[in-house]
Structures are given as structure tokens and as C-alpha cells.
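Data block below; observations after.
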Amino acid sequence: MHTLICGSIAYDTIMVFQDHFKHHILPDKLHVLNVAFLVPDLRREFGGCAANIAYNLSMLGGNPMIMATVGNDFQPYAYRLEKLNLAKTYIRQINDAFTAQAFITTDLDDNQITAFHPGAMNFSHYNSVKDAKNINLGIVAPDGRDGMIAHAREFQEYGIPFIFDPGQGLPMFSGDELIDFVNKADYIAVNDYEGQLLQERTKYTLSELADSVKALIITKGAQGSTIYAEGRQLEIPCVKSDAIIDPTGCGDAYRAGLLYGIAHDMGWQTTGQLASLLGAIKITHRGGQNHRFSHDEIDQLYFEAFGNRIF
């Protein structure tokens, strides 16, 4: 059986401006803004929530299947997925669009200016959950608006339990639409900011939202995470990292841990701790897919962090 991961595939182009934006953006000239930044440092990363989640879940020994839409510039990413042995079965290419991509310029204060082009992601509703075979678990991660709505509906229709993970796509939906997602989902995963916004939009408290699903997971960065499940509120500690290099993709790594734990019925304390460990491993590397670990390494790191074996 497989885990179907519905979400984005994207290229991330990251540029570093070796100065401070505040020295070049004049507050009294914002109405006639015309600036250029020299960016001698540039790198291109493979990203997107679906691909990042699948990358981590595969290393855990899970069976991820990515469902996403990509553009006519997909070939470099296709080669990468082949190298990683990640199937492209449910990845649809839109020939007159580009793959989703973010252009991120960072200054020396770690301020960022980001331009995001959704491209082929806007056609994610062209994919259907009904086309996927041997699926026993899923996730609706950030993607095109229509696709997220369709895939949540289809997961429910076909009796496949799934995580609703709106991420940065949450502001696209009204309160009523978010309530509909909650009613269809088996699990909800959001960060603390998204959790606050979810409460404001739906007019429900976290406890009330948790009562509607099997588990509500709130990630809080360095403060760890909270899991509301089975009438309990579990506090999951943050695993200490050797270095904090780049948080990009940490949430996706965490969600891979959730999916693995759910699929293997590990219990919420163990599942949350595994997810926390994956986030800590990821944060020590740049980009969402440049960290590596083996099954045995995870077992040892889990033992060092929590005092018992996981596998």
C-alpha cells in the first residue's frame, strides 16, 4: 500500500544580496519604487511540499506516491526523481506552463523578498485521487486552490484517511471552506500561525477543531509541537540540532514523520517525536532535499533523543 501525497512540485531559486535592503529602499519613495539588487550568490533547489514530503518519507522506508502538476521545464526534476526512485506515475505535465517556482532574494539581515509563480500548480485539479491505486493514506498539502478542494473531496469519497495541511495556501479559503476541509479530513497539521488563522476564519477554538478529527497537530518551531488526539494534549519537544542552517522544508519533513507514524500505528507520542527528529535533521542543511539519513541512523538518533528505539 502507498501514501498519496497531493501537493506542489517547485523550483526554488535563492539569491543572496550582500547588503541590506534598508540601504536601498527609501521609505518616502515607495510609490516610485525602482530598485535593482546585484546577487553574486545564487542557487537553485528542488522543492515543493509534495516532493519534499515524499523525499523524507521514502528515506524512512515509506511508500510515497506524488500527485502533482508540473510544467514544460520539468525535465531536470524528472531526472532527480528517477535518481531518488520516486515514481512519477501521478505527476501530470502541463505543456503550456512552467513548473511552480519561487524566486527568493535574501539580504544580510535575513530579510526576504519573494516572487512566487504558481504555473502548472494552478492545474492540480486535473489530477484525481480515483486514478491512484493501492492507497491507504493521503495528505492534501499546499497546492492549487481547486486541486486542494477536489482532492479532499475525493479522499473522503473513496474512504481514504488523509491529513489536511493547508500551509501557506490557508488564506485562499473562506471560513466555510475551511470548515468543510476539517469535516472531511481525518487529521489536521498546521503551524502555530496557521492554527491561529484557522481559528479566526472558522470561529472554532483549537479544542473544538480537534474534536472534529482524529488528531490536530500544531508545530511551533523551536518550541516543539502540540498534538491534540484521543482526548489528550501531548507536548512534543523540539529535538536539538547541531546547527540551524535553513528552516526551508522543515514542516514537510515533520509531516513525513506524521505520515509514517500514522501508517505504522506508532501512537501519537512516538509519531510526534519521530516527526520532530526529522525536522531537526532537515534544519542542518540548506534546501528541502539535501539532507540524508538511513533507517538505522534514524533509529540511533531517536534513541539518543528519547531514550528508546523506534524500529
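The values are calculated or read from the model by the stated rules, or taken from the named source; none is laboratory data. What you see is a predicted model; the values in this text were computed from it and never measured. Quick reminder, even Gly has a Cβ in these numbers, built from the backbone with ideal geometry, and neighbours come from all protein chains shown. Just the protein is used for accessible areas: all its heavy atoms, side chains included, with ligands, DNA and RNA removed. Shrake-Rupley method; radii C 1.70, N 1.55, O 1.52, S 1.80 Å.
Summary of values
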| item | result |
| --- | --- |
| When residues of the stretch 218-245 are limited to those that are buried (at least 17 other Cβ atoms within 10 Å of the Cβ) and over 27 Å from D176 (Cα atoms), the one farthest from the chain's Cα centre (by Cα) | L234 |
| Residue in the stretch 35-57 that is surrounded by fewer than 16 Cβ atoms within 10 Å (Cβ to Cβ) and without any contact (Cβ under 8 Å) to a residue 12 or more places away in the chain present | yes |
| Qualifying positions in the stretch 270-293 - basic (K, R) and open to solvent by 30 Å² or more (accessible area, probe 1.4 Å) | R286, R292 |
| Filter result for the condition that a residue is under 21 Å from L198 (Cα atoms) and either within 15 Å of the chain's Cα centre (by Cα) or open to solvent by less than 30 Å² (accessible area, probe 1.4 Å) (or both), over A215, A256 | A215 |
| Hits in the stretch 36-88 (condition: of a type outside the set (S, T, N, Q), part of a strand (DSSP E or B) and farther than 16 Å from H2 by Cβ) | D41, L42, R43, R44, E45, F46, G47, V70 |
| Counted residues, the stretch 275-307 - those being touching a residue at least 60 places away in the same chain (Cβ under 8 Å) and not in a helix (DSSP H, G or I) | 8 |
| First in the stretch 59-82 and touching a residue at least 12 places away in the same chain (Cβ under 8 Å), second anywhere and loosely packed, with under 15 Cβ neighbours inside 10 Å and aromatic (F, W, Y), Cβ under 9 Å, 6 or more apart | G61/F311; T69/Y126 |
| Qualifying helices (runs of 4 or more DSSP H) (wholly inside the stretch 169-274; at least 1 residues being touching a Gly at 6+ places or on another chain (Cβ under 6 Å), of a type in the set (S, T, Y) and under 18 Å from Y302 (Cα atoms)) | 250-263 |
| Qualifying positions in the stretch 173-202 - within 18 Å of N127 (Cβ to Cβ) and open to solvent by 60 Å² or more (accessible area, probe 1.4 Å) | none |
| Tally of residues being open to solvent by less than 10 Å² (accessible area, probe 1.4 Å) and of a type in the set (K, R) across the stretch 140-154 | 0 |
| Qualifying residue in the stretch 156-163 (condition: open to solvent by 80 Å² or more (accessible area, probe 1.4 Å), more than 26 Å from E200 (Cβ to Cβ) and not aromatic (F, W, Y)) | yes |
| Check on G62, touching a helix residue (DSSP H, G or I) at 6+ places or on another chain (Cβ under 8 Å), at pLDDT 95 or above, open to solvent by less than 20 Å² (accessible area, probe 1.4 Å) and under 30 Å from V39 (Cβ atoms) | no |
| Selected residue (only one of Q168, Q199 is out of contact with any helix residue (DSSP H, G or I) (no Cβ under 7 Å at 6 or more places or on another chain) and not acidic (D, E)) | Q168 |
| Filter result for Y126 (open to solvent by 70 Å² or more (accessible area, probe 1.4 Å) and touching a strand residue (DSSP E or B) at 6+ places or on another chain (Cβ under 7 Å)) | yes |
| Residue identified as of a type outside the set (S, T, N, Q), under 17 Å from N183 (Cα atoms) and either in contact (Cβ under 8 Å) with a residue 40 or more places away in the chain or assigned to a strand (DSSP E or B) (or both) among I149, I139 | I139 |
| Candidate set: the stretch 152-168, residues that are in a helix (DSSP H, G or I) and charged (D, E, K, R); chosen: the one farthest from T69 (Cα to Cα) | E157 |
